[in-house]
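**Student:** My structure is below; once you've seen it, I'll send some questions.
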Amino acid sequence: MTASLSESALRVQQALKKIGFDLKVVELPGSTRTSVEAAQAVGCEVAQIAKSLIFKSASGRAVLVIASGINRVNEKRVAAELGEKLGKADADFVRQQTGFAIGGIPPVGHLQPIETFVDEDLLQYDLIWAAAGTPHAVFQLTPADLQKMTQGKVIGVK
């Protein structure tokens, strides 16, 4: 099955395996670019989508916020946790830092380690879904898996 994955989705599948997670990346015919599209594609609540958003810190570092699909990230709140201001990251910065395009950013498999924050609202679900490298690829996991694989700090993001 992994032989039929696109290059980016296969990279995520390999990254998951390398860090000890036996989770299956799937590519779907419909788009999973937005949280609503992803939830419709996999048949879950929008809140169970773990959307990965890259921000740029004032010092130029990439910061990954993995938020529940229904939550809007309060940049000031995350910046307070980080200890420096945050701003939007453009598509070139995102690809340079992660190796992935916006709309398919996974929680793992980035080109370099990225400081990560995980939305506390995701912890209320038994299962969640995350992007897997393309706007059509996802994988299912538990919130505990997400915390472990990203080493992300759990915070309120809204």
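**Student:** Which one of these does Lys88 not meet: (1) within 13 Å of the chain's Cα centre (by Cα); (2) more than 15 Å from Pro135 (Cβ to Cβ); (3) modelled with pLDDT under 95?
**Tutor:** So the condition that Lys88 fails would be (1).
**Student:** Now for a different question. Could you count how many residues in region 69-97 are more than 30 Å from Gly43 (Cα to Cα), of a type outside the set (D, E, K, R) and touching a residue at least 40 places away in the same chain (Cβ under 8 Å)?
**Tutor:** 1
**Student:** Could you look through region 45-86, keep only residues that are of a type in the set (Ser, Thr, Tyr) and open to solvent by less than 60 Å² (accessible area, probe 1.4 Å), and pick out the one that is nearest to Asp121 (Cα to Cα)?
**Tutor:** Quick first cut of region 45-86, residues of a type in the set (Ser, Thr, Tyr) only: 52, 57, 59, 68.
In the following step, the residues that additionally are open to solvent by less than 60 Å² (accessible area, probe 1.4 Å) were identified as 52, 57, 68.
On the way: Ser52: 14, Ser57: 23, Ser68: 6 Å.
Result: Ser68.
**Student:** Give the residues of region 58-93 that are farther than 22 Å from Gln48 by Cα, part of a strand (DSSP E or B) and in contact with a Lys or Arg (Cβ under 6 Å, 6 or more places away or on another chain), sorted by residue number. Steps first, please.
**Tutor:** From region 58-93, those farther than 22 Å from Gln48 by Cα are 58-62, 76, 79-93; that's our starting set.
Add one more test, that the residue is part of a strand (DSSP E or B), and what stays is 62, 86-88.
If the condition is that a residue be farther than 22 Å from Gln48 by Cα, part of a strand (DSSP E or B) and in contact with a Lys or Arg (Cβ under 6 Å, 6 or more places away or on another chain), then Gly87 is the only one that fits.
**Student:** Being surrounded by fewer than 18 Cβ atoms within 10 Å (Cβ to Cβ) and either among the aromatic types (Phe, Trp, Tyr) or within 14 Å of Trp129 (Cα to Cα) (or both) is the filter here; which residues of region 1-22 pass it? Steps first, answer last, please.
**Tutor:** Keep residues of region 1-22 that are surrounded by fewer than 18 Cβ atoms within 10 Å (Cβ to Cβ), which gives 1-4, 6-7, 14, 17-22.
Correct list: Phe21 only.
**Student:** Considering only residues that are over 13 Å from Leu141 (Cα atoms) and of a type in the set (Lys, Arg), which ones fall in region 18-50?
**Tutor:** Lys18, Arg33
The values are calculated or read from the model by the stated rules, or taken from the named source; none is laboratory data. Since this is a predicted model, take the numbers as computed values, not measurements. Please note: Cβ atoms are built from the backbone with ideal geometry, for glycine as well, and neighbour counts cover all protein chains shown. Heavy atoms of the whole protein, side chains included, go into the accessibility calculation; ligands, DNA and RNA do not. Shrake-Rupley method; radii C 1.70, N 1.55, O 1.52, S 1.80 Å.
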